[in-house]
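S.K.: Next up is a structure, given as structure tokens.
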Amino acid sequence: MKIAILIAAAVAAHAQRLDNIRQLTNGGQNAEAYWSPDGKRLVFQSTRSPHECDQIYTMNADGSNQRMVSTGKGRTTCGYFLKDNHHIVYGSTHEGGAACPPSPDRGKGYVWAVYPSYDIFLADDAGAIVEKLTSEPGYDAEATVNFKTGRIVYTSMASGDLDLWSMKPDGSDKKRLTNTEGYDGGAVFSRDGKKLVWRSNHPAAGAPMDRYRALLRDNLTTPMKMEIVVADGNGRNAKQVTSFGCASFAPTFTPDGKRIVFSSNKHECDGRKFEIYSMNVDGSDLQRVTDFGGFTSFPEFSPDGRKLVFASDRNAKARYEFNIFVADWR
């Protein structure tokens, strides 16, 4: 009984990191909301009528003035503001066709598609495409931006594997940051640009690696065995800081760079229920932030560090409904 009381008290204490939770979207599938440098807006991806797959939208920080800023063609992912506050980058398949690309074959298990038609585009915040930033064969997506240096980090198949790369906002000076076989993605810089954190799946030799390679040949990867990795901003001195054997992803640094906030199903490994956790950059002092009982992910701190935005099926009225929430961080 005493142990149960202590556990309940610990969960309640962690949940108190979030206060004054507000729901910003209602209906559809909304995810990956990221702040503008001035903290007044958010860019996010959403599947909503009349579109059948994700497009990129912006909205004010209070959820008002939601409007689509991608082309409305193909599938998009991972919108992010540039440091100038007036441009965004995002991944899109629209040059590969106006229709949504086909969903992955679930006969191969729960897999993600890494569509080769994905490229990264620079657009103004009204939605006009200014420049195509990648043109190498294969998947290019998952771009995020460091507001101090302006540097973009993203995932690319340019090397023949799913590696992290970085580039300038105009697409020049591309540099490969990882070279261990396996998936590296969802990377985010610390605010000073000196550190990187990302999700990775580096399978063991033998059957796990054979499966990874076979899926990749079909432009697929499996997301259910992901660990969190931290490195210097140039990709050096990489260190895996979780070993849960589950799916941990969507990591981001706290504003002071001392901790990482991320999403994981470690409490129900191989399940579809994800909560937000925090830990020191070396993986110590793991704490659970949310206990909503469903899917909660994609946390990011506001530029002033006072708010956390995230996506969740909390309060969902339909299956597969996900909305954007914001809360005060305590």
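S.K.: All other residues with a Cβ under 12 Å from the Cβ of GLY245 taken together, and with Lys, Arg as +1 and Asp, Glu as -1, what is their net charge?
M.R.: 0
S.K.: Now for a separate question. Counting Lys and Arg as +1 and Asp and Glu as -1, what is the net charge of the other residues whose Cβ lies under 13 Å from the Cβ of GLU227?
M.R.: Counting the neighbours of GLU227, the net charge comes to +3.
S.K.: Grab the other residues whose beta carbon is less than 10 angstrom from that of ASN30, score K and R as +1, D and E as -1, and report the net. Could the numbers behind the result be given before it?
M.R.: Numbers: positive: ARG48; negative: GLU32, ASP54, GLU321.
Surrounding charge for ASN30 is -2.
S.K.: Only bridges with both residues in the range 2-329 count here: give the DSSP antiparallel percent, nearest 5.
M.R.: Given both bridge residues lie in the range 2-329, the antiparallel proportion sits at roughly 95 percent.
S.K.: To continue, here is another question. Normalised by the empirical 2.2 N^0.38 Å for globular proteins, what value does the Cα Rg of the range 205-330 take?
M.R.: 1.15
S.K.: Between SER49 and GLN16, how many nm apart are label points set 7 Å from Cα along the C-beta direction?
M.R.: Output for this residue pair reads 4.4 nm.
S.K.: So, one more: When ranked by the protection proxy of mean other Cβ atoms within 10 Å per residue, highest first, what sequence do the peptides 290-296, 19-25, 40-46 form?
M.R.: The densest-packed peptide leads the list: 40-46, 290-296, 19-25.
S.K.: When the dipole is taken about the Cα centre of the chain, and only Lys, Arg (+1) and Asp, Glu (-1) are charged at their Cβ, what size is it in debye, to the nearest 20?
M.R.: 640 debye
S.K.: Given the pairs LYS174/LYS273; LYS174/LYS194; LYS195/LYS225; LYS132/LYS175; LYS174/LYS239, which are separated by over 29 angstrom at their Cα positions?
M.R.: Numbers: LYS174/LYS273 36 Å; LYS174/LYS194 18 Å; LYS195/LYS225 23 Å; LYS132/LYS175 17 Å; LYS174/LYS239 23 Å.
Beyond 29 Å: LYS174/LYS273.
S.K.: Rounded to whole Å and sorted largest first, what semi-axes of the equivalent ellipsoid does the C-alpha gyration tensor of the range 214-288 yield via the square root of 5 times each eigenvalue? Intermediate values should be presented prior to the final figure.
M.R.: Working: eigenvalues 98, 62, 19 Å².
Calculated on Cα positions only, the semi-axes equal 22, 18, 10 Å.
S.K.: Please compute the length gained on full extension between ASP105 and ASP84, using 0.36 nm multiplied by the number of residues separating them and subtracting their Cα-Cα distance.
M.R.: That pair, ASP105 and ASP84, stretches by 3.6 nm at full extension.
S.K.: Given the -39500 (n - 2.57) contribution per DSSP H run of 4+ residues, what per-residue ellipticity at 222 nm results for the chain, rounded to the nearest 500 deg cm²/dmol?
M.R.: Dividing the helical sum by the residues of the chain leaves -2500 deg cm²/dmol.
S.K.: For the pair GLN240/ASP291, report the inter-label distance in nm, with labels modelled 7 Å from Cα in the Cβ direction.
M.R.: Each label point is offset 7 Å from its Cα along the Cβ direction, giving 3.0 nm.
S.K.: Still on this structure, please answer the following. Which order do the peptides 180-190, 308-318 take when ranked by the mean count of other beta-carbon atoms within 10 Å per residue, highest first?
M.R.: Working: 180-190: 22.5, 308-318: 19.0.
Answer by packing, highest mean first, reads 180-190, 308-318.
S.K.: Can you list, largest first and rounded to whole Å, the semi-axes you get for the range 2-329 by taking the square root of 5 times each eigenvalue of its Cα gyration tensor?
M.R.: Values: eigenvalues 145, 115, 84 Å².
Sorted largest first and rounded, they come to 27, 24, 21 Å.
S.K.: Could you give each residue of the range 255-270 its phi-based ³J(HN,Hα) in whole Hz, using Karplus coefficients 6.51, -1.76, 1.60 with θ = phi - 60°, and x for Gly or Pro?
M.R.: The phi angles translate into x, 7, x, 8, 9, 10, 10, 7, 10, 7, 9, 4, 6, 8, 3, 6 Hz.
Coordinate-derived values only; no laboratory data. Source: prediction; values computed, not measured. Note that each Cβ is placed from the backbone with ideal geometry, even for glycine, and that neighbours are counted across all protein chains shown.
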